[in-house]
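Heads up: the structure comes next, in structure tokens.
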Amino acid sequence: MDTAARHTPTRIQQCGPSELEIAWSDGRESRYPVRQLRLACSCAHCVDEWTGEDRLDPESVPDDVRPLQIQPVGRYAIQIDWSDGHSTGIYSFRQLRALADLD
Ligand SMILES: [Zn+2]
């Protein structure tokens with residue numbers, strides 16, 4: 001398996017208010033419920049950098065949270081500005097692909 005293709009998106013688009021779709025170079029298409037992505041945020045505010053412990057209270061994330069803006073970070077990740085005011089989360093393509101491969 002070509003790991004570069006597995007972790008290289010060819011298209012990232014929002015489909016509806018609650019789903020994000022990513023098409024990968026190896027042909028797979030993944031759809032993510034956006035709230036799940038918000039909860040998977042691994043920035044220093046949401047996950048303790050030292051212990052790896054979850055600091056984000058899922059109750060504090062609105063059910064209708066959605067991305068306001070999605071920006072590329074280099075060639076390896078995207079950064080999402082969320083409607084709940086959170087914008088420090090960076091999602092590497094590797095992390096996103098791993099989330100998709102869970103199902
Ligand atoms: Zn975060």
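List of remarks:
- Rounded to the nearest 500, the 222 nm mean residue ellipticity of the chain from helices alone is -4000 deg cm²/dmol, with -39,500 (n - 2.57) taken per DSSP H run of at least 4 residues.
- Per DSSP, loop trypsin sites (Lys or Arg not before Pro) in region 1-82 with at most 13 further Cβ within 10 Å: 28, 55, 75
- Within a Gaussian network of the chain (alpha carbon springs, distance under 10 Å), most fluctuating of 54, 64, 84: 64
- Cα-only radius of gyration and Dmax that characterise the chain, units Å: 13.5, 39
- Ranking of 86, 45 by solvent-accessible surface, largest first: 45, 86 (1.4 Å probe, protein heavy atoms only, all chains present).
The values are calculated or read from the model by the stated rules, or taken from the named source; none is laboratory data. Model, not experiment: these values are computed from the prediction. A quick note on method: Cβ atoms are made from the backbone with ideal geometry, for glycine too, and the neighbour counts reach across all protein chains shown. SASA here: full protein model, heavy atoms, side chains in, ligands and nucleic acids out. Shrake-Rupley method; radii C 1.70, N 1.55, O 1.52, S 1.80 Å.
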